[in-house]
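Peer 1: Take this structure first; my questions come after.
The values are calculated or read from the model by the stated rules, or taken from the named source; none is laboratory data. This one's a predicted model, so the numbers in the text were calculated from it and none came from an experiment. Quick reminder, even Gly has a Cβ in these numbers, built from the backbone with ideal geometry, and neighbours come from all protein chains shown.
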Amino acid sequence: MNSIVPVTPPRDSTLRKARALTLGSLAVTVLTSLIMPGIGVLRESRPLWIVLGAVGTIAFAATQAGALYATVTPWLSEMARRRLLIAFGAVCVLTLVLLTPVGGPRWETWAWVGGSIAGSLPMVRLGRVAAIGVTVAVFAAAVATADRPLTAAVIVASVASAVVAMSVVHLWFWDMLLDARKGRVAQARLASTEERLRFARDVHDVLGHDLSVITLKAELAARLATVDAAASAREAAEVQRLAAKALANMREAVHGYRAVDFAEQLTAIADVLHSSGVRCTVTQADTELSQETATVLVAVLREASTNVLRHSQATWCTIEVTRAGTEVRMTVSNDGAHGVGPDRHSGGLAGLADRLAEAGGRLRTGQDDGVFTVEAAVRA
């Protein structure tokens with residue numbers, strides 16, 4: 001089992017359902033482990049030990065449930081998790097006193113509890129050395145307190161094996177789901193970081209040369225100012241022209257008016273989605289797009305694919321590019337939205353809508369039965 005790493009609580013329905021299923025499986029394990037100790041309490045004839053046995057059984061079930069709850073709640077604080085485990089450990093020791101005499105001489109009541117304790121150790125994620133030590137202690141306690149030591153040892157071993165068999169597989173799948181979710185979040189963050197780095201490189205490439213030339217020209221104009229006013233004026237005018245050019249280049253970079261290969265971007269984004277476990281289908285009209293159109297649509301495509309990774313639990317995504325007359329339309333749809341995706345007032349989508357409006361286009365978003373759709377249309 002992997003160690004617990006605090007994460008945020010799941011918002012998507014898939015993880016909530018998986019967690020509920022895992023908790024249900026563990027609840028069945030807890031209830032099953034109570035059957036034989038419960039029979040021991042029913043077999044007891046002494047009123048005091050009936051009460052003490054019932055208290056011990058209920059306390060054990062409650063603290064075991066708390067410890068297993070901590071197992072499938074990785075966003076639980078470390079202090080809360082430690083308290084639940086300490087409570088479970090304390091009650092396990094207490095059951096030796098409360099349950100060992102219960103049930104009569106031929107009913108090893110505590111051995112059934114000891115088997116449940118040993119079977120729970122892989123789930124509460126103690127260290128290997130600690131788990132082995134506790135298991136040995138459980139076997140020793142069962143043998144030492146039972147009238148039939150061999151029978152008690154067999155009971156502990158069989159119950160522990162049954163508990164592990166019923167629960168560990170569910171916990172393993174739960175861990176895999178958490179790891180997959182973390183990987184998807186990391187993939188989205190990586191895509192966002194790569195985009196920021198790309199923009200930073202573009203800005204450096206655009207402005208680096210222009211600003212270097214402006215600096216040299218300004219220094220030259222300053223030196224000429226006292227010896228050749230006309231030459232200094234020409235250099236100052238050149239600085240003004242270069243600054244205006246740099247500003248225009250900067251605006252082009254900010255608005256993405258750089259040469260882009262739309263087909264290449266489609267392929268790259270489809271590969272990213274595939275690598276994140278999202279089945280991606282691309283349909284593209286056999287038509288050439290102008291650089292202005294391609295640049296605007298690529299910006300929409302990047303934002304839409306980022307939303308697929310960050311704001312949904314998508315299993316499929318379709319990207320369709322069509323052309324009708326003088327208009328090019330791109331539609332990106334994905335499942336797994338379930339009300340947690342970005343709405344039409346999302347900052348990224350709102351910015352894209354403004355950008356398309358400036359280019360004479362439009363942007364529409366919608367959600368229907370868990371399918372989120374982004375549709376962009378722009379003049380070709």
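Peer 1: Which count do you get for residues in the stretch 324-334 that are surrounded by fewer than 17 Cβ atoms within 10 Å (Cβ to Cβ) and either modelled with pLDDT under 65 or not in a loop (DSSP other than H, G, I, E, B) (or both)?
Peer 2: Qualifying residue count for the region: 2.
Peer 1: Scan the stretch 316-339 and report the pairs whose first residue is of a type in the set (Gly, Ala, Ser) and whose second residue is surrounded by fewer than 19 Cβ atoms within 10 Å (Cβ to Cβ), with Cβ atoms within less than 6 Å and a gap of 6+ or a chain change.
Peer 2: From the stretch 316-339, the pairs are 333/318; 333/371; 333/373; 337/367; 337/370.
Peer 1: Looking at (1) in contact (Cβ under 8 Å) with a residue 24 or more places away in the chain; (2) closer than 23 Å to residue 164 by Cβ; (3) assigned to a helix (DSSP H, G or I), which is the one condition that is false for residue 84?
Peer 2: With (1) in contact (Cβ under 8 Å) with a residue 24 or more places away in the chain; (2) closer than 23 Å to residue 164 by Cβ; (3) assigned to a helix (DSSP H, G or I) applied to residue 84, the lone miss is (1).
Peer 1: What residue, of 380, 337, 359, 376, is at pLDDT 85 or above, hydrophobic (A, V, I, L, M, F, W, C) and touching a helix residue (DSSP H, G or I) at 6+ places or on another chain (Cβ under 8 Å)?
Peer 2: Among 380, 337, 359, 376, only 376 is at pLDDT 85 or above, hydrophobic (A, V, I, L, M, F, W, C) and touching a helix residue (DSSP H, G or I) at 6+ places or on another chain (Cβ under 8 Å).
Peer 1: Okay, next question. Name the residue that is nearest to the chain's Cα centre (by Cα), counting only residues in the stretch 33-57 that are of a type in the set (Ser, Thr, Tyr) and either surrounded by fewer than 15 Cβ atoms within 10 Å (Cβ to Cβ) or modelled with pLDDT of 75 or more (or both).
Peer 2: Looking at the filtered set, the residue picked out is 57.
Peer 1: Of the residues that make up the stretch 181-197, is at least one surrounded by 14 or more Cβ atoms within 10 Å (Cβ to Cβ), at pLDDT below 75 and under 30 Å from residue 29 (Cα atoms)?
Peer 2: Yes, the stretch 181-197 contains a residue that is surrounded by 14 or more Cβ atoms within 10 Å (Cβ to Cβ), at pLDDT below 75 and under 30 Å from residue 29 (Cα atoms).
Peer 1: Just the residues that are at pLDDT 90 or above and charged (D, E, K, R), please, taken from the stretch 70-115.
Peer 2: 83
Peer 1: Please determine, by comparing only the residues of the stretch 289-323 that are small (Gly, Ala, Ser) and at pLDDT 80 or above, which one is nearest to residue 364 (Cα to Cα).
Peer 2: 304
Peer 1: Continuing with this model, one more query. Restricted to the stretch 110-156, and to residues that are of a type outside the set (Val, Ile, Thr), surrounded by 18 or more Cβ atoms within 10 Å (Cβ to Cβ) and farther than 16 Å from residue 29 by Cβ, which residue is farthest from the chain's Cα centre (by Cα)?
Peer 2: Going through the qualifying residues, I end up with 146.
Peer 1: Now, a different point. Scan the stretch 221-235 for residues that are surrounded by fewer than 17 Cβ atoms within 10 Å (Cβ to Cβ), hydrophobic (A, V, I, L, M, F, W, C) and part of a helix (DSSP H, G or I) and jot them down.
Peer 2: Scanning the stretch 221-235 gives 222, 229, 230, 231, 233.
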